[in-house]
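Beneath this line is the structure, given in structure tokens, with notes to follow.
The values are calculated or read from the model by the stated rules, or taken from the named source; none is laboratory data. None of the values given here were measured: they were computed from a predicted structure. All Cβ positions, even for glycine, are placed from backbone atoms using ideal geometry, and neighbour counts span all protein chains on display. Surface areas here come from the heavy atoms of the whole protein model, side chains and all, with no ligands, DNA or RNA. Shrake-Rupley method; radii C 1.70, N 1.55, O 1.52, S 1.80 Å.
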Amino acid sequence: MILFASLSLIFGLKQTSKSPLPNATATVFFHGYGSSKHAEEQMANYLVKHKYASSIVVADVDFQGKVKFTGNLAAKTKNFIVEVNLQNNKSANNMTYSQSSNYVAKVLSGLKKKWKINNVNLVAHSMGNLQVIYFIKNHGDSKKYPKINKLVAIAGHYNGIIGMDEPKETNLEANGKPKMMNDTYRDLLSVRNTSPKNIKVMNIYGNYKNHGDGSVNNNSSKSLRYLVQKRAKSYEEQEIRGYGAQHSRLHENKEVDQILLKFLK
């Protein structure tokens with residue numbers, strides 16, 4: 001009887017992990033440069049602990065974009081987390097953001113193929129934000145991918161990184177448009193007219209020192225507004241201050257966890 005029960009449990013887990021979940025929503029985390037799924041774990045575990053999500057799945061993505069999902073989902077799953085783990089975690093070194101946005105595309109199409117997922121929320125930190133916004137630019141309303149309900153940007157560098165590709169003038173006009181734009185931002189301007197409508201956007205940035213998080217000027221992060229607000233269902237900004245507002249500490253910040261939970265519910 002014990003053996004039978006064990007076999008039944010294993011069989012049941014295999015069955016539920018492959019069951020279609022068209023009514024479930026996946027909240028997908030994309031990490032930053034040189035990082036991994038470990039940068040997403042505190043936020044993901046917080047959402048599970050506070051019962052927003054019931055399960056966590058890991059999506060390992062190799063250099064070619066092949067995705068391997070690890071984890072099981074119950075047949076009646078409503079909300080679950082996907083921690084993306086990129087092997088090419090320094091893709092900014094060897095491809096454009098537009099090219100590396102293919103990793104986002106592969107994960108989302110994989111979710112649709114494996115579990116018939118129709119709705120996703122996207123959460124990105126640092127480099128992950130550029131991959132996500134280029135996915136939106138390149139694919140927009142394509143039916144090949146799940147619909148994006150909510151987008152959370154953490155420490156996004158849409159108009160450059162301090163000491164690298166940041167423009168000489170970083171101020172924004174009243175409507176959020178940068179007074180000077182780098183090449184990447186100019187390339188993203190088409191998002192203003194092509195991004196899917198009705199996405200709710202939360203933009204989180206850290207004011208650690210000198211109006212930035214130490215790596216990204218706040219106005220570079222806030223320039224997301226000009227790209228998406230016209231077509232978004234809603235757009236919000238949250239400034240984080242103090243020691244935990246530093247660029248690489250934002251994804252370990254408890255205040256960020258709380259904002260995430262409130263926004264995603």
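Give Lys150, Lys143, Lys137, Lys168 a once-over and let me know the one that is open to solvent by 20 Å² or more (accessible area, probe 1.4 Å), touching a residue at least 24 places away in the same chain (Cβ under 8 Å) and outside any helix (DSSP H, G or I).
Working: Lys143 fails: touching a residue at least 24 places away in the same chain (Cβ under 8 Å); Lys137 fails: outside any helix (DSSP H, G or I); Lys168 fails: touching a residue at least 24 places away in the same chain (Cβ under 8 Å).
Of Lys150, Lys143, Lys137, Lys168, the one residue that is open to solvent by 20 Å² or more (accessible area, probe 1.4 Å), touching a residue at least 24 places away in the same chain (Cβ under 8 Å) and outside any helix (DSSP H, G or I) is Lys150.
What residue, of Ala105, Ala74, Ala59, is more than 23 Å from Asn182 (Cβ to Cβ), aliphatic (A, V, I, L, M) and open to solvent by 10 Å² or more (accessible area, probe 1.4 Å)? Please lay out each step first, then the result.
Numbers: Ala105 fails: open to solvent by 10 Å² or more (accessible area, probe 1.4 Å); Ala59 fails: open to solvent by 10 Å² or more (accessible area, probe 1.4 Å).
Result of the check over Ala105, Ala74, Ala59: Ala74.
Scan segment 180-227 residue by residue and report those that are out of contact with any Lys or Arg (no Cβ under 8 Å at 6 or more places or on another chain) and among the aliphatic types (A, V, I, L, M).
Result: Met181, Leu189, Ile204, Val216, Leu224.
Can Asn193 be described as outside any loop (DSSP other than H, G, I, E, B), loosely packed, with under 13 Cβ neighbours inside 10 Å and either polar (S, T, N, Q) or touching a residue at least 40 places away in the same chain (Cβ under 8 Å) (or both)?
Values: outside any loop (DSSP other than H, G, I, E, B): yes; loosely packed, with under 13 Cβ neighbours inside 10 Å: yes; either polar (S, T, N, Q) or touching a residue at least 40 places away in the same chain (Cβ under 8 Å) (or both): yes.
Against the criterion (outside any loop (DSSP other than H, G, I, E, B), loosely packed, with under 13 Cβ neighbours inside 10 Å and either polar (S, T, N, Q) or touching a residue at least 40 places away in the same chain (Cβ under 8 Å) (or both)), Asn193 qualifies.
Being open to solvent by less than 20 Å² (accessible area, probe 1.4 Å) and either assigned to a helix (DSSP H, G or I) or within 27 Å of Pro146 (Cβ to Cβ) (or both) is the requirement here; does Ile204 meet it? Before you say what the answer is, go through the steps one by one.
Working: open to solvent by less than 20 Å² (accessible area, probe 1.4 Å): yes; either assigned to a helix (DSSP H, G or I) or within 27 Å of Pro146 (Cβ to Cβ) (or both): yes.
Yes: the conditions hold for Ile204.
Taking segment 207-234 as the region of interest, how many residues are surrounded by 19 or more Cβ atoms within 10 Å (Cβ to Cβ) and not small (Gly, Ala, Ser)? Break it down stepwise before answering.
Our first condition is that a residue be surrounded by 19 or more Cβ atoms within 10 Å (Cβ to Cβ); within segment 207-234, this holds for 208, 212-213, 215-228, 232.
With not small (Gly, Ala, Ser) added as a condition, the list becomes 208, 213, 216-219, 222, 224-228.
Looking only at that region, the number is 12.
Could you list all residues from segment 236-245 that are open to solvent by less than 40 Å² (accessible area, probe 1.4 Å) and either of a type in the set (Phe, Trp, Tyr) or in contact with a strand residue (DSSP E or B) (Cβ under 7 Å, 6 or more places away or on another chain) (or both)?
Residues satisfying the conditions are Ile240, Ala245.
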